[in-house]
Amino acid sequence: MANDASTVFDLVILGGGSGGYAAALRAAQLGLDVALIEKNKLGGTCLHNGCIPTKALLHAGEIADQARESEQFGVKTSFEGIDIAAVHKYKDDVISGLYKGLQGLVASRKVTYIEGEGRLSSPTSVDVNGQRIEGRHVLLATGSVPRSLPGLVIDGNRIISSDHALVLDRVPQSAIILGGGVIGVEFASAWKSFGTDVTIVEGLPHLVPVEDENSSKLLERAFRKRGIKFNLGTFFQSAEYTETGVKVTLADGKTFEAEVLLVAIGRGPVSQGLGYEEQGVAMDRGYVLVDEFMRTNVPTISAVGDLVPTLQLAHVGFAEGILVAERLAGLKAVPIDYDGVPRVTYCQPEVASVGISEAKAKELYGADKVVTLKYNLAGNGRSKILKTSGEIKLVQVRDGAVVGVHMVGDRMGEQVGEAQLIYNWEALPAEVAQLIHAHPTQNEALGEAHLALAGKPLHSHD
Amino acid sequence: MANDASTVFDLVILGGGSGGYAAALRAAQLGLDVALIEKNKLGGTCLHNGCIPTKALLHAGEIADQARESEQFGVKTSFEGIDIAAVHKYKDDVISGLYKGLQGLVASRKVTYIEGEGRLSSPTSVDVNGQRIEGRHVLLATGSVPRSLPGLVIDGNRIISSDHALVLDRVPQSAIILGGGVIGVEFASAWKSFGTDVTIVEGLPHLVPVEDENSSKLLERAFRKRGIKFNLGTFFQSAEYTETGVKVTLADGKTFEAEVLLVAIGRGPVSQGLGYEEQGVAMDRGYVLVDEFMRTNVPTISAVGDLVPTLQLAHVGFAEGILVAERLAGLKAVPIDYDGVPRVTYCQPEVASVGISEAKAKELYGADKVVTLKYNLAGNGRSKILKTSGEIKLVQVRDGAVVGVHMVGDRMGEQVGEAQLIYNWEALPAEVAQLIHAHPTQNEALGEAHLALAGKPLHSHD
Amino acid sequence: PPHTGDRPLAKPPVRKLAKDLGIDLATVVPTGPGGVVTREDIRAAAAPPAPLPPVTERAAAPAPAAPA
Ligand SMILES: Cc1cc2nc3c(=O)[nH]c(=O)nc-3n(C[C@H](O)[C@H](O)[C@H](O)COP(=O)(O)OP(=O)(O)OC[C@H]3O[C@@H](n4cnc5c(N)ncnc54)[C@H](O)[C@@H]3O)c2cc1C
Ligand SMILES: Cc1cc2nc3c(=O)[nH]c(=O)nc-3n(C[C@H](O)[C@H](O)[C@H](O)COP(=O)(O)OP(=O)(O)OC[C@H]3O[C@@H](n4cnc5c(N)ncnc54)[C@H](O)[C@@H]3O)c2cc1C
């Protein structure tokens, strides 16, 4: 391929999703000359097929639920159904507003944005649109796509991935969701709010199995109350078409039928055929391997985001992208404490956490060194007003810092910022308890939990 | 009065509102023998006539607004009106649930609860129901009641206080609200959501005049968009009855007419005729004067809550009550930094703050030493999904800590917990910026604001 | 004197800073109100030690008391 561009960029970034564009913005801000190559749309999965559209569907679902239940609050409404075309318009308007904003930002920071499918062509270059883009450093940020299982073919119509679910032109009558992780339970929640009969199939013993077990149990209880069905602890075996939909058979022979099957068992890295192996980049099952500074084994190549085997979250991509930009600009880079990254699942009720689970804390510190406390939202005025229930569970190292905050309840995802400071700054329960929280907020529940853990419960029993 | 009770309590508390009951709960937990005297209902203003019922009305209002606007989200509903009896039932159910919980708590901590109207009868006793209750220490916590202006008689029908507004058996067609402070704007917001034609009259130049001016301006803009009218900068002169309602005349001659006039100009302490002066307690315009440890000039008497001239907030009452209990139990009492108390106004959009305003910071540190930053919620995905707008404004001492956080937007009150830690722990913008916040939350906006203030804006322009 | 209670006398972000810089809070001389260790105290403790005073002055300084 002819190298007809004379420029050598400081940084060439392959992939314009959360990880790639965050690196581009920060690097450009620090004075580096940056090229950002994206084959599809700036913003990547998160903006166009992930975080943002799912939350718009969930919010529409929340509004539908509130319309159904409004009489309980003295508001007379009648709920007449979902206008799915209008839901999509709302969702697409949110996306396009943010998309424009992001495009403006990239332009204003003087990042050279190149549209096209790129391929790593040397340790210091990417080929795209028949051109070689040279860089002193290359950042791989090609992200991830939905995975399936052997023999389970995603047809985009009856057997679908989240990509299809987000643009489905109807509310399915019934749906089986394969996988009770974050993406699975979020769709379960939104669809149920829209009126779909939902069944989740999860092979592990719990929904949101990476959360503290208490959160899983609370979510399961809440989903049961909402009429969201789930089958736990048995793995998927096969799927076949029926006359009107799909039939799923589990390893124990149990079967489920529904109009659609959403496969939400995880996402795999986008790394095939992009020249990574050829340039000697060390990989494992498709993931690019990196150290704590996001460096691959090739000195001129870094990688971030869903492409590397860290938490698959947009803000992890942001943090990793920023870290790379700052390192390349000569600033001191601080490795990310992944336990300290906040995690929110936006189903109804929301599940949020930061730090480690009770089980992991016991493993790390010994069972006798771990103290836990649960604060029930039943005692929290604001939660009562919202008619939500749930809990905050704190995990503490005896006489030491709070090392885990695990929350379940409507809107509790918004509490994770305070929890994030508590965990990352290694605050003692008494230090939080000293600061009386605002009444009557849901936030107050976090304060009450720390009051109780510090041995001075206010609105809770000793 | 005969002293026919032989017990001498460690602490006798007059008034069972936020301040009084918090002191009782904490003191009892620390092993003190406590009597709590309340003439009306345990829980006081906040639970029965304040924080809780107003927030229930506001939430019903939110649901009504969402029903009206649901088509924008693709949800077909028709809004048919407010069933005010059902709103009251919902509100009363919330109150009674919390009331029961609180009664259970007080009983479980073995506080001696005495129902009756008490009067300070000596520096170490309160008389109630014909009995003298003796205590080594007495805590005055008789709270506050709505205030009016000379010549403005609250009749409870057309000219009402918040107490009446909370039990009004109808949605007024139109209302004038005298006072644009917290209580005034909260009722304005709830009533507007219910369909009332609302006009606020505020003598100072801004709504919520104690907030940073930026927050006031944003609230005014939002209220204007909602069709809530207000007249600022001219004081009230007189009110007279018309055939169907009330007519208000301002100092400049301007007049307003409406079905009801809500007087929300502030609350005054309950201290008349309760024996405070007779026992030598130093007072100022009805307020009991205290030092930073809530001690009055009489060594055996302390006072907390709305009765003392500190911020009139329930959680200030909690904090002050706890402080007194801990001091009397011999623990080290830490004076409250009132600037560090979080403040939330629960109108729609919400206004929340902690720390000091830009104006006050400039006064304290000098104009050249103060740096501010505004982050517009237009760049925040979650806020876009909620279709809310607003801003976060940070006030920083140059090269130093964040000393003020001022937020406006739907649900932004729930962000005040993180802001509270930042202010009270004197965090630097860079320390917050280092912790990438959860995407896509409203909480993320707080992270973005600190990223920008630390000189490394992510989703915002430089 | 080094703080002996179980509660480290510094606000959480300052403690975090000390940890990141590898400084033992107990060895830092607090200058904040109420004996609180400040960020400046940590930075001072982290800074390379000030140059030694001239030898003559050091010789003139009283010898430390012998341990009992
Ligand atoms: C349904 C769903 C919901 C989610 N919800 C959340 C959430 O609420 N919160 C959260 O934090 N995370 C969420 N995530 C995860 C989040 O979207 C990802 O972690 C994030 O997008 C990863 O960013 P990335 O930059 O690594 O990859 P991506 O966003 O996938 O971006 C990679 C980009 O690279 C481009 N690309 C790939 N190959 C090439 C090539 N050869 N040449 C040029 N360009 C190329 C792609 O087109 C894409 O734009 C969700 C994901 C899904 C699927
Ligand atoms: C409409 C409204 C909304 C509000 N919203 C909020 C909010 O959202 N957040 C917030 O933080 N604050 C809010 N407040 C303020 C909050 O309610 C008060 O700050 C708080 O109640 C003060 O507590 P207190 O214990 O000092 O007084 P009170 O709650 O007034 O309690 C005093 C108690 O003493 C009793 N008493 C008085 N005299 C005697 C006597 N002689 N003998 C026996 N008992 C007696 C009274 O019956 C009362 O129960 C609101 C107030 C109002 C009016």
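Determine the residues within the stretch A:62-81 where the difference in accessible area between the chain on its own and the full set of protein chains amounts to at least 40 Å²; count protein heavy atoms only and use a 1.4 Å probe.
Residues losing area: A:ILE63, A:GLN66, A:PHE73, A:GLY74, A:VAL75, A:LYS76, A:THR77, A:SER78, A:GLU80.
State the percentage of accessible surface on the stretch B:316-370 attributable to carbon and sulfur atoms; use a 1.4 Å probe and exclude ligands, DNA and RNA. Before the final figure, lay out each step's value.
Details: 1110 of 2040 Å².
Answer for the stretch B:316-370: carbon and sulfur cover 54 percent of the accessible area.
Taking the Cα atoms of the stretch B:1-85, report the difference between the largest and smallest coordinate on each principal axis, in whole Å and largest first.
So the extents along the principal axes, rounded to whole Å, are 68, 29, 12.
Check each residue of the stretch A:394-424 and keep those whose accessible area, probe 1.4 Å, is at least 40 Å² smaller with all protein chains in place than in the chain alone; give them in order of residue number.
Residues shielded by partner chains are A:ARG411, A:GLU414, A:GLU418, A:GLN420, A:LEU421, A:ASN424.
Over all distinct alpha-carbon pairs, what is the Kirkwood Rh of chain A in angstrom?
Value: 23.8 Å, from the Cα pair sum.
Ignoring ligands, DNA and RNA, how much accessible area is buried between chains A and B, both sides summed, with a 1.4 Å probe, to the nearest 100 Å²?
Chains A and B together bury roughly 7900 Å² of accessible area.
Test of the criteria: in the stretch B:72-161, which trypsin sites (Lys or Arg not before Pro) are in a DSSP loop and have at most 11 other Cβ atoms within 10 angstrom of their Cβ?
Sparse-neighbourhood loop trypsin sites (Lys or Arg not before Pro): B:LYS110.
Lys and Arg at +1, Asp and Glu at -1: add these up for the other residues within a Cβ distance under 13 Å of A:GLY275 and post the number.
That works out to -2.
Aspartates and glutamates within cross-link reach of A:LYS192: Cα-Cα under 13 Å, excluding same-chain residues under 8 positions apart?
A:GLU62, A:ASP65
In the stretch A:1-129, carbon and sulfur make up what percent of the accessible area (probe 1.4 Å)?
Values: 2290 of 4670 Å².
Carbon and sulfur: 49 percent of the exposed surface of the stretch A:1-129.
Quick one: length gained pulling B:GLU117 to B:ALA329 fully straight, 0.36 nm per residue minus the C-alpha distance?
Working: separation 212, 0.36 × 212 = 76.32 nm, distance 2.66 nm.
In short, 73.7 nm is gained.
Excluding ligands, DNA and RNA, what is the solvent-accessible area per residue of the stretch B:1-121 at a probe of 1.4 Å, expressed in Å²? Present the calculation step by step, with values, prior to reporting the outcome.
Values: 4420 Å² over 121 residues.
For the stretch B:1-121, the per-residue accessible area is 36 Å².
Express in whole angstrom the spacing between the alpha-carbon centres of the stretch A:337-400 and the stretch A:84-116.
35
To one decimal in nm, how far is A:GLY455 from the same spot in the other copies, if labels go 7 Å from Cα toward Cβ? Please give the shortest first.
4.4
Hey, got the dipole for the stretch A:35-137? About the Cα centre, +1 on K and R Cβ, -1 on D and E Cβ, debye to the nearest 20?
I would put it at about 560 debye.
Quick one: which residues, 5 or more positions from A:ASP410 or on another chain, have an amide H under 5 Å from its amide H? H modelled 1.01 Å from N in the peptide plane, none for Pro or chain starts.
The answer is A:GLU350, A:SER389.
Could I get the Rg over Rh figure for the stretch B:324-462? Both from C-alpha atoms, Rh via Kirkwood, rounded to two places.
My calculation puts Rg/Rh at 1.02.
With each run of n ≥ 4 DSSP H residues scored as -39500 (n - 2.57), what mean residue ellipticity at 222 nm is computed for chain A after dividing by its residue count and rounding to the nearest 500 deg cm²/dmol?
Working: 13 runs with 147 residues, N = 462.
Per the formula, -9500 deg cm²/dmol.
Sort the following peptides by mean Cβ neighbour count (other Cβ atoms within 10 Å, averaged over residues), highest first: A:334-347, A:404-417.
So the peptides A:334-347, A:404-417, ranked by packing, come out A:404-417, A:334-347.
Return the FRET efficiency for the residue pair A:ASP368, A:ASN297: r is the Cβ-Cβ distance, R0 is 56 Å, and the value is rounded to the nearest 0.05.
0.85
Put a label point 7 Å from Cα along the Cβ direction on A:GLY286, then list its distances to the equivalent points in the other copies in nm, shortest first.
For A:GLY286, the inter-copy label distances come out at 7.1 nm.
For A:SER174, list long-range residues whose amide hydrogen, built 1.01 Å from N in the peptide plane, is under 5 Å from its own amide hydrogen.
Amide H neighbours of A:SER174, under 5 Å, 5+ apart: A:ASP197, A:GLU259, A:VAL260.
Per residue, how much accessible surface does the stretch A:186-233 expose to a 1.4 Å probe? Answer in Å², no decimals.
Accessible area per residue: 37 Å².
Using the 7 Å Cα-to-Cβ label point, sort the distances from A:ALA359 to its equivalents in the other copies shortest first and give them in nm to one decimal.
From this label point to the equivalent ones elsewhere in the assembly: 5.6 nm.
Please provide three numbers in whole Å: the alpha-carbon extents of the protein assembly as shown along the principal axes, with the largest listed first.
Its Cα atoms span 101, 93, 64 Å along the three principal axes.
The values are calculated or read from the model by the stated rules, or taken from the named source; none is laboratory data. Keep in mind it's a predicted model, so treat the numbers as computed, not measured. Because the Cβ atoms are built from the backbone with ideal geometry, glycine has one as well, and the counts that use them run over all protein chains shown. Only protein heavy atoms, including side chains, enter the accessible area calculation; ligands, DNA and RNA are left aside. Shrake-Rupley method; radii C 1.70, N 1.55, O 1.52, S 1.80 Å.
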